[in-house]
Amino acid sequence: MPTVFVTPNLTRHVPCPTTTVKGATVRAALDDLFVRVPRLRGYVLDDQGALRQHVNVFVNDESVRDRTGLGDTLGPTDEIFIFQALSGG
Amino acid sequence: MARTKPMKQTAFAGTRKGLFAFRRRGLHWALAGEPAFLGEPVSAVLHDPRTGRIFAALRLGHFGVKLHRSDDNGATWREMNASAFSKDEKKMDPNVDPRTVEKKGPSVDMIWTLVPGGAEEPETIWAGTTPGGLFRSTDGGESWQLLSSLWNDPARAKWFGGGYDVPGIHSVLIDPRDAKHISIGISIGGVWRSDDAGSTWAQTGNGMRNAYMPPDKAGDPATQDVHRLAAPLADPDVVWVQHHNGIFRSTDGAANFKEIKKVKPSVFGFAVAAHPHDPKTAWFVPGVVDAQRIPVDGRLVVTRTRDGGKTFDAITSGLPRKDCYDLVYRHGLDVDAEGEHLVMGSTTGNLWIGDRQGSRWTHVSAHLPPIAAVAWSR
């Protein structure tokens, strides 16, 4: 199952340990994470469910391509990293 | 519900780097405890006189808009659900920043003002946001509903950004005689009013004049850049407006306004505070016209009228007389419940308290982060 890592800059607002999640897409994996940590959703996604402008999500060492639909596919050993962009602070 | 324990009079300053509280200590005003949300931008603060709760809206640079509430005078805080647009609003937005909205739908960018509802509805809180959404909570901020009646009004397409790239609702006036009567101020969209608790809305505010549109649009109520609305509790039919290019006053609940001219040193500014009990008294913080937005001649003054706008005092006592470049934003001035003390904060991080109805000002801090909003405890 994919593993999600969340930047300490975010976990200082919403505690969230490194977690393995279910899902074949970034959207499904994040939805699974948000079931466990509901408050995290509003920090990562905007009101319409897209990635916030100043949040980045990488799968392994690549930035996700679909920032709105989050349709990038995942393999079982993939690692998802959620962190803040350097802009926007 | 029981009101929280009364708080010693406190001046709150919501800043770019946290929420600061000041209380009188002996003859001086001093920081009361550690700042809350240190490092985080605070965009609005409210001490609710009905419940004693404190609300603070954050605008995190990366992680969006957040709302926190304290039920113990600021000792502890709990994150609430912040106001947010639903996905139903995706195609309902004709005008707000087409670069993002038409593709993705709207998201709340900032809670610009938080206002208590009527005395009989202590769990009702209003939030005005950018983009121009008006939200209401009827459960003390636990959940929020967009006033879709206003958001979906086709006339809203005439609103446009002022100060920020998108329009925003910065002022919400709830009539203390009947909380169904609501007036809101929009930069830029003039004044809108509802007489049925927000079910239906109408543009109002005849008599205002703008100097930044083509001449035949100067009197169009929809394009007035109302910087801030304020009304006295004692006579809420009186409404003061600090506007982008003038000062206006209504005596009929914001239906019609009269311009107040020749106020020295300037009629430009962002903030206005209305005396809660004296409908003829109000305070403004003038600046050089919009191109500069600094005090006239580098001298910070507060203008005060006590006769409904016929005459003004330009108060300088305790304020910088030269080389001052402070700007006071629209939520940077507040008067307390008695009408005796004012608090004023600037984008340079200076904070002042005005005693004797703003006749004499005391410099409380020179080293705060830029101040977005101030508020007295109630």
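Brief remarks follow.
- The range B:201-244 and the range B:1-33 have Cα centres spaced 33 Å apart.
- Summed over the residues of the protein assembly as shown and divided among them, the accessible surface reaches 41 Å² per residue at a probe radius of 1.4 Å.
- Both chains summed, the buried accessible area for B and A stands near 1700 Å², from protein heavy atoms and a 1.4 Å probe.
- With every protein chain in place, chain A: carbon and sulfur % of accessible area (1.4 Å): 55
- Computed from the alpha carbon positions, the gyration tensor of the range B:267-352 leads to an equivalent ellipsoid with semi-axes of 21, 14, 11 Å, biggest first.
- Label point 7 Å beyond Cα of B:THR4 along Cβ direction - residues of the range B:130-144 with amide nitrogen under 12 Å: none
- Legend: calculated FRET efficiency, B:VAL289 to A:ASN60, from the Cβ-Cβ distance at R0 = 60 Å, rounded to 0.05, equals 0.65.
- Alpha-carbon centroid distance for the pair the range A:1-73 / the range B:109-179, whole angstrom: 30
- The range A:3-84: translational diffusion in µm²/s, Stokes-Einstein, Kirkwood Rh over Cα pairs, 37 °C, 0.692 mPa s: 265
- A straight chain from B:LYS322 to B:ARG177 at 0.36 nm per residue would run longer than the Cα-Cα distance by 47.8 nm.
- Cα→Cβ-extended label distance, 7 Å offset, between A:THR18 and B:GLU34, nm: 2.9
- Within the same chain, aspartates and glutamates fewer than 8 places from B:LYS217 are excluded, and of the rest, those with a Cα less than 20 Å from its Cα are B:ASP225, B:GLU259, B:ASP290.
- Drop in accessible area of at least 50 Å² in the complex versus isolated chain, residues of the range A:30-51, 1.4 Å probe: A:TYR43, A:ASP47, A:GLN48
- Placed amide H near B:MET208: partners under 5 Å, 5+ positions off or other chain: B:PHE257
- Relative to the globular-protein estimate of 2.2 N^0.38 Å, the Cα radius of gyration of the range B:6-88 stands at 1.17.
- The mean of 1/r over all pairs of different alpha-carbon atoms in chain B, once inverted, gives a Kirkwood hydrodynamic radius of 20.5 Å.
- Accessible surface of the range B:149-225, 1.4 Å probe, proportion on carbon and sulfur as whole %: 54
- Theoretical FRET efficiency, 1/(1+(r/R0)^6), r = Cβ-Cβ of B:LEU27 and B:ALA119, R0 41 Å, to 0.05: 0.70
- Linear extension gain, B:ASP72 paired with B:ARG306, 0.36 nm per residue minus alpha-carbon span: 80.6 nm
- Shown for the range B:17-63: residues covered by the partner protein chains by 30 Å² or more of accessible area relative to the chain by itself (probe radius 1.4 Å), namely B:GLU40, B:GLY61, B:HIS62, B:PHE63.
- In order along the range B:234-240, phi translates into HN-Hα couplings of 5, 8, x, 6, 7, 10, 9 Hz, rounded to whole numbers, per the Karplus curve 6.51 cos²θ - 1.76 cosθ + 1.60 with θ = phi - 60° and x for Gly and Pro.
The values are calculated or read from the model by the stated rules, or taken from the named source; none is laboratory data. What you see is a predicted model; the values in this text were computed from it and never measured. Positions of Cβ are generated from backbone atoms using ideal geometry, with glycine treated the same way; all protein chains shown enter the neighbour counts. The area values use the complete protein model at the heavy-atom level, side chains included, leaving out ligands, DNA and RNA. Shrake-Rupley method; radii C 1.70, N 1.55, O 1.52, S 1.80 Å.
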